[in-house]
Amino acid sequence: MGGGSGGAPAEPTPSIMEDPVEFFYHWRGTASVFAFCWTFIVAFIVSLFQYGPAAILGAVNEWKFEVLDDIVESDGVFPMLGASIGFTTMFSLAAALTVYWGGPGVAGSGLPQLVSYISCGYTMNPDLATFSTMLLKNFAMTCVVWGGLSVGREGPAIMIGAATALAVGKLLRVAIQKILVDYPRFDETLAQLSVGSFKKAFSGEWDHEILHIGAAAGFACAFNAPLGGMMFVYEEVAVHWTQHSEMSSRIFFGVAIAIGFQKLFKEIITNSL
């Protein structure tokens, strides 16, 4: 387990299997609860924002093909072909205008900018990882597919997951800072988690971990591949994922939660239709 220098007691960590009450009373148990709670929240919200556009995409595509089927049955092949070209033109134009007006953060996969941000904590585009960028990128990618064109989901899915996670992470950081105002003794506990100091306004360690969890969850939801999400983030995105030994466990937990909720959302929608 990764350690820090926050002055935690030196006694050995009790086993959660042998004495779960003592484990969660110990500083290590408390730290684990914090870490996996924020991982759960980030993964849940990423899965929600990944599944929503996919569900809308499926519904609109089904409607489009039903309209085309009705046209070909009533008017013939050529009117249907004209309607198909009209759909393609309309949706492709909507995607192009979204990218044009949305700015550089909406265009492209976003992976090079994401890797640069994780490497040095600086990006030339301050809107790269925001909720608005995530929504516009989602909409543009969905419009492309509605138009019948192809788009690679890999880069956008990772970028959308990372942007969602970073936005949620900023809110979680504020919430944790408020908790520390009322319970300052938790500061020593949280110092063991290798995510920087919550007393500062900014922590690169925190942003790096949250982005890794979100990016892995985004990939996992896009391709239904939790282990693939972990491996891709380690290979292509992370620059120092070995900064502490708990990074892998949190990312593994995050992709598992994201995939679990993805399947739950699908089951709920399918049973309600």
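For residue 180, the shell of other residues with beta-carbons less than 11 Å away shows a net charge of +1, using +1 for Lys and Arg and -1 for Asp and Glu.
What is region 42-94 by shape, rounded, prolate or oblate, if you read a ≥ b ≥ c off the alpha carbon gyration tensor as root eigenvalues and call it rounded for a/c under 1.5, prolate for a/b larger than b/c, and oblate otherwise? Taking the square roots of the gyration eigenvalues as a ≥ b ≥ c, region 42-94 is oblate. Per-residue accessible area (protein heavy atoms, 1.4 Å probe) orders 231, 141 as 231, 141, starting from the largest.
Note that region 29-92 presents 52 Å² accessible area per residue, ligands and nucleic acids not counted, probe 1.4 Å.
Here the accessible area is traced with a 1.4 Å probe on the protein chains. For region 25-182, carbon and sulfur cover 72 percent of it. Between the amide H of residue 246 and those of 2, distances stay under 5 Å, these residues lying 5 or more places away or on another chain, with hydrogens modeled in the peptide plane. With N counted as the residues of region 57-151, its alpha-carbon radius of gyration over 2.2 N^0.38 Å works out to 1.40. Taking all pairs of distinct Cα atoms, average 1/r, flip it, and tell me the Kirkwood hydrodynamic radius of region 163-273 in Å to one decimal place. Final number for the Kirkwood radius of region 163-273 is 15.2 Å.
The values are calculated or read from the model by the stated rules, or taken from the named source; none is laboratory data. Everything quoted here is computed from the prediction, not taken from an experiment. Cβ sites come from the backbone with ideal geometry, for glycine too, and all protein chains shown count toward neighbours. Keep in mind that these areas ignore ligands, DNA and RNA; they rest on the heavy atoms of the full protein, side chains included. Shrake-Rupley method; radii C 1.70, N 1.55, O 1.52, S 1.80 Å.
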